[in-house]
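Everything on this sheet refers to the single structure shown next.
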Amino acid sequence: MKKLLIGLATIAAASVAIAQQKQQQPAEHLSIDRPVHSIDLPHFLPYLPPGDNRELFASRCLSCHATRYISMQPTMTQAKWEESVKKMIKTYGAPILEDEAPKIAAYIVEFQKAPPDPLAGTSQQSTELPALASGDVERGKQVYTTACASCHGADGKGVAPNAASLLPHAVDLTDGRFAPTAIQASIVHGVRGTAMPAFSLSNEDVSNVVAYVVQFAAKPQAAAAPQPAAKAMYDMACASCHGATGVGDGFNAPTLPRQPTNFHLRQPSAERAVSVITEGVPGTAMASWKSKFGDNERKMLADYVRSFYGQQ
């Protein structure tokens, strides 16, 4: 027992000595005066170069894999990519038919060989958009039919051959209003976290498509005057993603696969706004709030969200 007590005393003394020594050492590594360096990460997504099976690749793969993820993979042969695609089918239940795997693999090989997107560069360059022209609606319809209708549908309602495999689903362009610049940005840059790729169209054709798509918009519905209770609900439940003023710049926004909606540029219909708050949006971070808010509260919150549209 005496030896044990001596041993414990020795250990305690050594611990005190070490602690005192640490206190006497300069704490340069803990200094808060050291400079903090920051970097700007690019926000653009690599575009999908034209090629055979581009649309098939976009509709089957981009609801889970962003183009940035694909572009960061090592260069592989078509056989290796086909093996990888089949693994996605068998292991993860990817919505891909067996005979589509070789076609998707062939496109990925071409994707990796393609030159850089001319729109890519710094984050500032990649987000700047040229001014929209008035646009030719008939030409816009032709381009839309070729490039957009397979997901968004010929009538813009998001019901189309490729729609069933998309998660989140293709946007219903008739269920609300979109600012022309929001449509333009989606075409030019794509929409991260979805199967909507960036399209390499001329500025003229982008303006043409925008001129055609805005015709799908629902008739304007007057938004009810915001109520204080609705603002309080929004601040508690929505602002962390959609931002205090509804522009999609909330604290959580940079961490989300899909950018939260900017309500200044998109106004869902009254029915759509209530539905989204009630049920959430599958395939996105938008959760259901029906267990938190009652029917009248969700209606008030929907009216508040819709009141942002068109604000500067």
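When the stretch 89-112 is filtered for residues that are farther than 21 Å from Pro50 by Cβ and either hydroxyl-bearing (Ser, Thr, Tyr) or without any contact (Cβ under 8 Å) to a residue 12 or more places away in the chain (or both), the ones remaining, listed by number, are Lys90, Thr91, Tyr92, Gly93, Leu97, Asp99. Between Ala195, Ala164, Ala222, the distinction of being in contact with a Cys (Cβ under 8 Å, 6 or more places away or on another chain), of a type in the set (A, V, I, L, M) and at pLDDT below 90 belongs to Ala195 only.
Are any residues in the stretch 242-254 in a helix (DSSP H, G or I) and of a type in the set (A, V, I, L, M, F, W, C), and if so, which ones?
To start, the set of residues in the stretch 242-254 that are in a helix (DSSP H, G or I) comprises 242, 253-254.
Once the filter is applied, which keeps residues that are in a helix (DSSP H, G or I) and of a type in the set (A, V, I, L, M, F, W, C), the stretch 242-254 yields only Ala253.
Scanning the stretch 272-303 for residues that are farther than 22 Å from Thr194 by Cβ, out of contact with any Lys or Arg (no Cβ under 8 Å at 6 or more places or on another chain) and outside any loop (DSSP other than H, G, I, E, B) returns Asp295, Asn296, Glu297, Lys299, Met300, Leu301, Ala302, Asp303. May I ask you to verify whether Ser150 is touching a residue at least 24 places away in the same chain (Cβ under 8 Å), assigned to a helix (DSSP H, G or I), closer than 17 Å to Leu62 by Cα and among the hydroxyl-bearing types (Ser, Thr, Tyr)? Yes; evaluated as a whole, the condition is true for this residue.
Going through (1) assigned to a loop (DSSP other than H, G, I, E, B); (2) at pLDDT 90 or above; (3) surrounded by fewer than 16 Cβ atoms within 10 Å (Cβ to Cβ) one by one, Pro257 falls short only on (2). Of the residues Ala273, Ala285, Ala237, Ala253, which single one is farther than 30 Å from Cys61 by Cα and touching a helix residue (DSSP H, G or I) at 6+ places or on another chain (Cβ under 8 Å)? Residue meeting the stated conditions: Ala237. Within the stretch 254-274, one or more residues are without any contact (Cβ under 8 Å) to a residue 60 or more places away in the chain, over 19 Å from Asp172 (Cα atoms) and not aromatic (Phe, Trp, Tyr). When only residues in the stretch 187-226 that are surrounded by fewer than 20 Cβ atoms within 10 Å (Cβ to Cβ) and of a type in the set (Ser, Thr, Tyr) count, which is farthest from Ala253 (Cα to Cα)? Applying the filter and picking the extreme gives Ser202. Within the group Thr145, Thr194, Thr181, which residue is hydroxyl-bearing (Ser, Thr, Tyr) and outside any helix (DSSP H, G or I)? When all the criteria are applied, what remains is Thr194.
The values are calculated or read from the model by the stated rules, or taken from the named source; none is laboratory data. All of these numbers come straight from a predicted model, not from anything done at the bench. Note that we place each Cβ from the backbone using ideal geometry, even for glycine, and neighbour counts take in every protein chain shown.
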